[in-house]
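Before any comments, here is the structure.
Each reported figure results from applying straightforward, stated rules to the coordinates on display, with no laboratory input. For clarity, every value in this text was computed on a predicted model and none was experimentally measured.
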Amino acid sequence: MANIITGFRVLISIALLFCPVFSPAFYMFYLIAGLSDMIDGTVARKMNTVTEFGARFDTAADFVFLVVCLIKLLPVISMPAWLCIWIVMIALIKIINIISGYIVQRKLVAVHSVMNKETEDKVIDIALRYCYETPESFSKAFSRFHGVTPTQAREGADVRTFLPLSIKVQVQGGIQMEYKVTTMFQFKVIGFQKEFDYETAYQEIPKFWDEICEKYAANVYAGNEPANLQEKAIIDHCIGEYGVCIDDIGGGKFRYLVAGKYSGGDVPDGMVVYEFPRGDWAVFDCIGPIPESLQSLNTRIFKEWLPGNPDYELCGNANVEWYDCVNGEKTDKDYHSAIWIPVKKKA
């Protein structure tokens, strides 16, 4: 909710650009944006949804609001020319200081890399190559940044790292994810298994479902008697109620089961049984056509909910997709499914 309010402030700020200065609409949007800045932080704290992303998003929204206000107000506010020049000069000095500091620090990192690779070069030669006037000035700058002298660094002492500058704008979240945590007893599933690459799983797993349905389920779904043990297992264990992801083979791959709840008995050829221990599960309901809605929810769980959750962390190496096998079709806009994630309380 707090991120929604912050995002709304960005939209309101952009709307200000199209309002005449000091018009009723301008005052209204300005007031709404100001109020949103006051309440988004309070809402985040009250709902216990304070995150690093939220704090950065709030700062970005404040910056957008400030820039828009300056764009609209500076042309109509009477200021002496010298004051405008002074403001611009201060801003330029700040920007130049940031850029020059970055260049100097990256240069000192490059010097250390060269010293490690070109062991035959003397320190004084490297210093002159990187435009230091004297060995003393180079040693002083190197020691101030890395915490060790150039000679100590060449001998293997630990030095500081300074990563290259990269700019990435990415907006995530903003929508509250509804879930409940429930305790489940030990249970087993049985199903057809196949290995998938993480990179292509979203494209390949639906094909695997189609393959299983065509090969084993079409006959019984048509109302016919099971023709083999696999078709009988589909009826006995309600195969297709679960999709199970098991991350236990490494190499960027995982096992996936088109499965049902195992109720005992023989395990037909081509099928496997997997057992889940008793534990807590975070259950995320999903409404929408399959597989798009469930894949979208799965991505948000693992990229947003798990990394940013202050209370729970992943427990185990398998999770479950649940499908409603009684009501509706999987292509319906109101189709009900869910994702179950094994979790435990953070220490």
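Mean separation of Cα pairs under 8 Å and 6+ residues apart, divided by the residue count of the stretch 239-285: what relative contact order is that in percent?
Details: 39 pairs, mean separation 13.7, N = 47.
It comes to 29 percent, rounded to a whole number.
Normalising by the residue count of the stretch 232-347, find the relative contact order in percent from Cα pairs under 8 Å and 6+ residues apart.
Reported as a whole number, the value is 31 percent.
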task = Would you mind classifying the stretch 200-267 by shape? Square roots of the alpha carbon gyration tensor eigenvalues, ordered a ≥ b ≥ c; an a/c under 1.5 is rounded, otherwise it is prolate if a/b is larger than b/c and oblate if not.
result = oblate
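Once Rh is set to the Kirkwood radius over Cα pairs, what Stokes-Einstein translational diffusion coefficient, in µm²/s, holds for the stretch 180-345 at a temperature of 25 °C and a viscosity of 0.890 mPa s?
Numbers: Rh = 16.6 Å.
Result for D is 147 µm²/s.
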remark   = For the stretch 2-76 the translational diffusion coefficient, Stokes-Einstein from a Kirkwood Rh over Cα pairs at 4 °C and viscosity 1.567 mPa s, in µm²/s, is roughly 103 µm²/s
